[in-house]
């Protein structure tokens, strides 16, 4: 089997598995989404909760098709309804920020400014308002309140309010977060994962490798360039370098079966999965959640790679 054929098979399996994962989240009322209190996954959850079950599934398929090469390989197209819901989701959080700004102006009795902001928001044509965009101002505002007033504050917003009130918030340092993550992974996967990289100063990161058939499944953690955060992703690659042919000639590099794999990316939500605004308690929860998600993929990865052994691939020069 040629590597590109094996990679296509992996991408199709990965995509079909991701569909089942998203549908399971919907059926079980988003248990894994609940591990996040701010950021793109949390924001997507808040929008999903505004939809009925059928529209939740339609949006899920729209998000998956945008991210997965397996959808392309299967020739799956995005429907008009899927595109509309995806556009609404993409605009949701920006529209909510406008809405919050308008409500704050009203609270401060700055009515002329709030009315101006309201009309600017209407003219912006956010897709999330498409169903009532032609309504008169009074009806539009009523629908707006119905749609957005009940959306809770994110952890980031709650912390912002506390800071404005003069409360001092102490976030975990990147070095402590790295140490905590390393301990969690080592304890959970002793004998399976081997630490392959660690940098504490500057731009901290942490890496672990584990064998998955005759492939290597690498898990990489990053802890932020300024404030502390927890980011993780997986890469599946060959354990040895093979010959490639690039614009500057031949070179040696591993074959990469899959990269940038995480809960956020396999569901098509965002390419970067991050836990942010981490105090000591939140950091503990984030590390536990990351460990749980890593284990979830460690279990399914051998099934996705079954019959796609590196040792069985045709010997060839690879063109990226």
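The values are calculated or read from the model by the stated rules, or taken from the named source; none is laboratory data. Just so we're clear, the structure is a prediction, and the values are computed from it rather than from any experiment. Neighbour counts are summed over all protein chains in view; Cβ atoms, including those assigned to glycine, are modelled from backbone coordinates with ideal geometry.
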- Item | Residue in the range 235-246 that is farther than 30 Å from residue 87 by Cα and surrounded by 19 or more Cβ atoms within 10 Å (Cβ to Cβ) present | yes
- Query: touching a residue at least 12 places away in the same chain (Cβ under 8 Å), touching a strand residue (DSSP E or B) at 6+ places or on another chain (Cβ under 9 Å), within 25 Å of residue 160 (Cβ to Cβ) and surrounded by fewer than 17 Cβ atoms within 10 Å (Cβ to Cβ): does that describe residue 196?
  - Reply: no
- Task: Answer yes if at least one residue in the range 169-178 is modelled with pLDDT of 95 or more and closer than 14 Å to residue 294 by Cα, and no otherwise.
- Result: no
- Message: For the range 196-222, give me the residue count where each residue is in a strand (DSSP E or B) and within 21 Å of residue 256 (Cβ to Cβ).
- Response: 18
- For residue 39, the lone unmet condition from (1) over 30 Å from residue 160 (Cα atoms); (2) touching a strand residue (DSSP E or B) at 6+ places or on another chain (Cβ under 9 Å) is (1)
- Task: Output yes when any residue across the range 150-160 is outside the structural domain of residue 283 (by TED's automatic domain parsing), in contact (Cβ under 8 Å) with a residue 12 or more places away in the chain, exposed (fewer than 14 other Cβ atoms within 10 Å of the Cβ) and touching a helix residue (DSSP H, G or I) at 6+ places or on another chain (Cβ under 8 Å), and no when none is.
- Result: yes
- Message: Please verify whether residue 30 is part of a helix (DSSP H, G or I) and either out of contact with any strand residue (DSSP E or B) (no Cβ under 8 Å at 6 or more places or on another chain) or in the same structural domain as residue 303 (by TED's automatic domain parsing) (or both), treating the condition exactly as stated.
- Response: no
